[in-house]
Amino acid sequence: MSDPPTLRDDFVALLGFEPDPFQIQAMDALDAGRSVLVAAPTGSGKTVVAEYAVAKALAEGGKAYYTTPLKALSNQKFGDLVRRHGADRVGLLTGDNSINGEAPIVVMTTEVLRNMIYAASSTLEGLKYVVLDEVHYLQDPYRGPVWEEVIVHSPPEVDLVCLSATVSNAEEVADWIGAVRGDTETIIEERRPVELHQLYMVGDRASEQPHLLPTFVDGHPNPEAAKLDSASVRRGERAETDYRGRARTRFRTPRRLDVVERLDDEGMLPTIYFIFSRNACDDAVRHLVDGGMRLTTSEERAEIRAIAESKVDALSDDDLRVLDYGYWLNGLECGVAAHHAGMVPPFKETVEACFAAGLIKVVFATETLALGINMPARSVVIEKLTKFTGEAHKFLTPGEYTQLTGRAGRRGIDDVGYAVVLWSPFVPFDQVAGLASTRTYRLTSAFRPTYNMAANLVRRYRPDTAHHLLNLSFAQYQADQQVVRLEAQLERYQQTLAQLREDATCERGDVQEYRRLRRHDEGRRRGPTGAPVDEVVGALERIRPGDVLHLAGGKSGGRIVVLTTARRKGGDIRVRALTPDRKMLALGPKDFDWPPTAVGHVELPTPFAPNSHGYQREVATLLQRAKVRDAAAGAPDGPRRRPTRRDAADGDDSPGGTHPVARCPDALVHVRAAERAERVERDAQRLEQRIRGRTESLARQFDRVLRVMEAWGYVDGWALTPEGQQLARIYHEADLLVAEVLRSGLFDTLSPAEVAALASTFTFEHRGPNTPPAPRFPTARLRERWAHVEHLARELNLAEDDAGLPITRQPDPGFVELAWAWAEGDELDDLLADVDMSGGDFVRNMKQLIDLLRQVGDVAVDLATASAARKAADALFRGVVAASSAVTT
């Protein structure tokens with residue numbers, strides 16, 4: 001007789017295919033009672049291991065919790081498990097939904113499980129497996145620490161199934177989990193289930209179609225593609241001039257319409273086309289639709305419309321009009337769509353469903369789509385290898401590139417997938433090939449003690465146990481192995497510092513003394529004869545790379561050429577420029593006496609390589625030969641002209657103007673070197689503190705957190721005060737500040753709409769380079785309460801700074817009016833008519849606010865305040881917000 005079928009046999013039969021070796025290895029480890037870390041490429045089938053753990057838990061009469069980093073992923077996985085196991089055995093717990101929470105299988109965000117563990121919830125009884133999907137998310141600076149809290153604090157009898165993208169230090173992560181929880185097996189699968197072909201697409205003004213070339217030939221960078229870089233800068237390859245009369249190169253970044261047409265011709269659709277800008281994604285859809293792109297049949301268009309109508313059924317006609325539903329649906333029916341965080345969830349879910357069904361052929365997406373959503377494609381296009389982080393343009397890391405291209409190739413459908421990078425004048429081909437060939441993706445910890453974490457550790461453990469648990473974190477585990485690397489980094493800092501100090505030395509006088517006098521002069525001289533800062537900033541925003549400017553105090557008549565411009569956090573404009581003698585300058589608004597205007601222009605060479613000495617030499621030569629207008633052309637006439645450093649010899653009798661360094665032709669170079677030396681010195685000092693015997697342990701940082709909490713009355717010795725008990729139940733990045741606002745009674749006696757408005761200051765954060773508009777307060781009482789909140793936030797920041805702790809983000813009143821009006825019942829079209837906010841951002845902010853209001857409703861001591869917070873949450877949960885929280889299976 002044959003042996004009766006085992007759980008494994010039944011599971012494999014349900015799969016319908018033979019598991020891969022790495023999946024079998026992981027299932028063997030789970031059968032042996034070990035936790036597992038599975039690191040494998042996107043689409044390789046990691047979730048099979050998680051589903052086996054779920055099946056084991058059910059077969060053994062236990063529970064399995066499946067955690068994800070995002071609500072959208074939780075909703076998606078909930079639907080998958082309901083279809084496999086039935087609705088009666090699967091639950092969902094997120095900030096938006098609570099469905100069947102006592103079921104043996106529950107899908108939840110990682111934060112929900114962390115909160116259950118800290119609360120010692122009875123629901124944890126019988127838990128056998130916890131799946132931590134996308135565990136590489138633990139390096140996220142804002143939400144990543146939650147993964148470590150779950151791994152360290154989960155009940156010891158629970159086995160973990162950790163699923164990660166391919167990381168180069170998977171063994172290190174698994175060793176840490178093993179040290180914390182016991183026997184853990186590492187399963188690494190580097191083979192992609194679908195072979196990936198790397199391609200390079202180049203637009204050519206001499207050709208109707210863009211060129212599509214393999215990035216690698218016989219394992220090496222394609223020499224033909226490399227030639228395009230050199231050909232694009234040869235004079236013989238120059239084409240006609242542009243509208244400014246400047247010569248244009250033959251090669252260019254292909255137009256989006258041309259890219260899609262070429263992919264269609266090559267049979268490489270459907271594609272996900274990554275553009276790191278929400279507006280650019282929307283513009284790309286408009287460009288294709290207006291260009292006549294039609295990629296669907298009449299039958300497909302009918303299916304698309306049916307899916308869209310089912311997804312937006314809960315939205316009113318007014319909401320759909322505000323969200324421009326008609327135009328959006330027209331794009332879908334053409335087979336193209338955008339996917340980004342600025343869209344309301346029903347629109348995003350429609351795009352995902354239509355794409356998964358093969359109805360939409362092109363999705364223009366930001367990188368957020370790469371985070372776990374199940375949307376594989378035949379090809380992936382990356383328009384640029386740089387993205388704007390809000391402060392500067394940053395080159396993609398190998399890990400980010402791998403995450404994006406992981407979507408290329410549909411298992412069981414495609415034999416190969418395609419990753420297409422578009423030509424750029426600023427990124428040479430060798431950099432493209434280097435990024436595509438690098439597979440290093442090191443996982444690092446973002447863990448740090450928070451006030452809420454400290455309160456829960458005090459509540460649940462003895463002091464020695466709490467410190468021990470902190471030292472079990474991955475952050476501490478990694479810190480103990482990094483001293484050699486930190487020492488090498490410190491040495492580089494010291495070498496840089498020595499060079500900067502040399503550059504900051506002037507034979508004519510003391511540069512530091514000159515800097516102090518200059519700062520004094522700046523304050524004294526800015527007045528009726530000085531240019532307002534906003535005028536200078538506005539002028540700098542109009543400056544473009546290649547523009548020649550005149551800067552008072554420099555050599556060669558102060559002539560410089562602009563290489564790059566960037567807007568930093570806080571709105572400051574920074575200009576990187578080169579002098580004729582190849583000095584690199586980093587300039588800001590304060591370095592210009594008057595709003596600068598271009599006095600000439602040079603065509604910057606390509607490829608763009610500003611850090612190359614050869615490139616700098618070529619640009620400096622072009623600058624010396626450039627024809628420029630009168631250097632004073634941009635300065636005002638008559639007596640309003642503001643004195644400059646070059647005027648010192650002609651009558652500027654200010655302390656800075658008469659200082660010997662002011663007459664040095666390299667004065668600005670010395671000053672900038674001195675300023676940078678100060679920054680590098682501070683960085684080196686911080687690094688030295690980290691190195692000193694690893695004394696900056698997490699346990700010591702925890703002690704500093706406790707000192708702040710004790711000073712503010714949340715702990716007394718090793719015991720929580722009543723306010724501390726309240727803090728232990730507030731899960732928010734501004735946890736202590738929210739607790740202090742509650743304790744101070746600032747939510748008390750407010751109406752539900754006012755509670756919502758005031759609470760929004762903790763959940764909203766203005767994003768983007770533009771200065772936010774002045775906040776508007778619907779009631780005088782709200783304005784008064786906001787002033788108190790601002791004061792508390794400043795006091796807390798001072799206490800944190802004194803303790804050497806990370807600073808709690810300042811509250812932001814930019815959403816106050818919207819939160820109040822929505823809670824009062826205003827309609828969506830009225831609210832969004834006069835604000836620069838997308839429907840998706842409105843919904844996201846409302847959901848975060850509702851989550852905080854529900855917490856306030858649970859923890860507020862004053863019964864009227866608790867009731868007002870709950871009523872506020874209920875009032876906000878309507879219309880497009882409620883529709884965006886619905887779960888379909």
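Worth pointing out:
- Candidates LEU750, LEU831: the one that is in a loop (DSSP other than H, G, I, E, B) and over 29 Å from TYR118 (Cα atoms) is LEU750.
This table checks each residue for (1) closer than 23 Å to SER751 by Cβ; (2) open to solvent by 40 Å² or more (accessible area, probe 1.4 Å).
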| position | (1), (2) |
| --- | --- |
| THR771 | no, yes |
| PHE777 | yes, no |
| ALA780 | yes, yes |
| ARG785 | yes, no |
| HIS791 | yes, yes |
| ASN797 | no, no |
| ALA803 | no, no |
| PRO813 | yes, no |
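- Here the condition is being closer than 16 Å to VAL344 by Cβ and outside any helix (DSSP H, G or I); of MET846, MET837, it holds for MET837 alone.
- Any hit, region 651-667, residues being open to solvent by 70 Å² or more (accessible area, probe 1.4 Å), modelled with pLDDT of 70 or more and in contact with a Gly (Cβ under 8 Å, 6 or more places away or on another chain): no
- Single residue of region 411-447 satisfying the filter (over 28 Å from THR606 (Cβ atoms) and buried (at least 17 other Cβ atoms within 10 Å of the Cβ)) that is modelled with the highest pLDDT: GLY417
- Scanning region 336-346 for residues that are out of contact with any Cys (no Cβ under 9 Å at 6 or more places or on another chain), within 20 Å of ILE275 (Cβ to Cβ) and open to solvent by less than 10 Å² (accessible area, probe 1.4 Å) returns VAL336, VAL344.
- Scan region 618-644 for residues that are of a type in the set (Lys, Arg) and either modelled with pLDDT of 90 or more or under 12 Å from ARG559 (Cα atoms) (or both) and the total you get is 3.
- Subset of region 833-847 (residues that are farther than 21 Å from GLU352 by Cβ and surrounded by 19 or more Cβ atoms within 10 Å (Cβ to Cβ)): ASN845, MET846
- Condition broken by THR368, with the remaining ones in (1) over 24 Å from GLU765 (Cα atoms); (2) without any contact (Cβ under 8 Å) to a residue 60 or more places away in the chain; (3) surrounded by fewer than 24 Cβ atoms within 10 Å (Cβ to Cβ); (4) β-branched (Val, Ile, Thr) satisfied: (1)
- Which listed residue is within 22 Å of ARG407 (Cβ to Cβ), in contact with a Gly (Cβ under 9 Å, 6 or more places away or on another chain) and surrounded by fewer than 22 Cβ atoms within 10 Å (Cβ to Cβ), from PRO193, PRO104: PRO193
- Region 142-164, subset farther than 21 Å from ASN471 by Cβ and open to solvent by 10 Å² or more (accessible area, probe 1.4 Å), residue modelled with the lowest pLDDT: TYR142
- Lone qualifier among LEU443, LEU470, LEU404 - being under 17 Å from the mean Cα position of the chain (by Cα), at negative phi and assigned to a helix (DSSP H, G or I): LEU404
- Per-region count, region 165-185, residues polar (S, T, N, Q), under 26 Å from the mean Cα position of the chain (by Cα) and open to solvent by less than 50 Å² (accessible area, probe 1.4 Å): 2
- Checking LEU329, LEU315 one by one, the residue that is assigned to a helix (DSSP H, G or I) and not charged (D, E, K, R) is LEU329 and no other.
Residue-by-condition table, conditions (1) in contact with a Pro (Cβ under 8 Å, 6 or more places away or on another chain); (2) touching a residue at least 12 places away in the same chain (Cβ under 8 Å); (3) not in a loop (DSSP other than H, G, I, E, B):
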{"site": "ALA338", "(1), (2), (3)": "no, yes, yes"}
{"site": "PRO346", "(1), (2), (3)": "no, yes, yes"}
{"site": "GLU349", "(1), (2), (3)": "no, yes, yes"}
{"site": "GLU352", "(1), (2), (3)": "no, yes, yes"}
{"site": "ILE360", "(1), (2), (3)": "yes, yes, no"}
{"site": "PHE364", "(1), (2), (3)": "no, yes, yes"}
{"site": "MET375", "(1), (2), (3)": "no, yes, no"}
{"site": "LYS384", "(1), (2), (3)": "no, yes, no"}
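- Within region 247-270, the set of residues being in a loop (DSSP other than H, G, I, E, B) and within 32 Å of the chain's Cα centre (by Cα) comprises THR253, PRO254, ARG255, MET268, LEU269, PRO270.
- Any hit, region 106-119, residues being under 28 Å from ARG460 (Cβ atoms), modelled with pLDDT under 95 and part of a loop (DSSP other than H, G, I, E, B): yes
- Out of TYR731, TYR714, one residue alone is open to solvent by 40 Å² or more (accessible area, probe 1.4 Å), under 30 Å from ARG460 (Cα atoms), under 42 Å from the mean Cα position of the chain (by Cα) and modelled with pLDDT of 90 or more. It is TYR731.
- For region 769-778, the criterion of a residue being within 19 Å of LEU849 (Cα to Cα) and in a helix (DSSP H, G or I) is satisfied by no position.
- Residues in region 483-499 that are farther than 17 Å from ALA673 by Cα and either at pLDDT 60 or above or aliphatic (A, V, I, L, M) (or both): VAL483, VAL484, LEU486, ALA488, GLN489, LEU490, GLU491.
- Residue in region 222-243 that is at positive phi, in a loop (DSSP other than H, G, I, E, B) and at pLDDT 90 or above present: no
- Some residue of region 284-293 being exposed (fewer than 13 other Cβ atoms within 10 Å of the Cβ), at pLDDT below 95 and either assigned to a loop (DSSP other than H, G, I, E, B) or basic (Lys, Arg) (or both): yes
- Filtered residue count, region 142-160, keeping only those that are over 26 Å from the mean Cα position of the chain (by Cα) and under 19 Å from ALA29 (Cβ atoms): 6
The values are calculated or read from the model by the stated rules, or taken from the named source; none is laboratory data. Fair warning: this is a prediction, and the values are worked out from it, not measured in the lab. Quick reminder, even Gly has a Cβ in these numbers, built from the backbone with ideal geometry, and neighbours come from all protein chains shown. All accessible areas refer to the heavy atoms of the entire protein, side chains included, with ligands and DNA or RNA removed. Shrake-Rupley method; radii C 1.70, N 1.55, O 1.52, S 1.80 Å.
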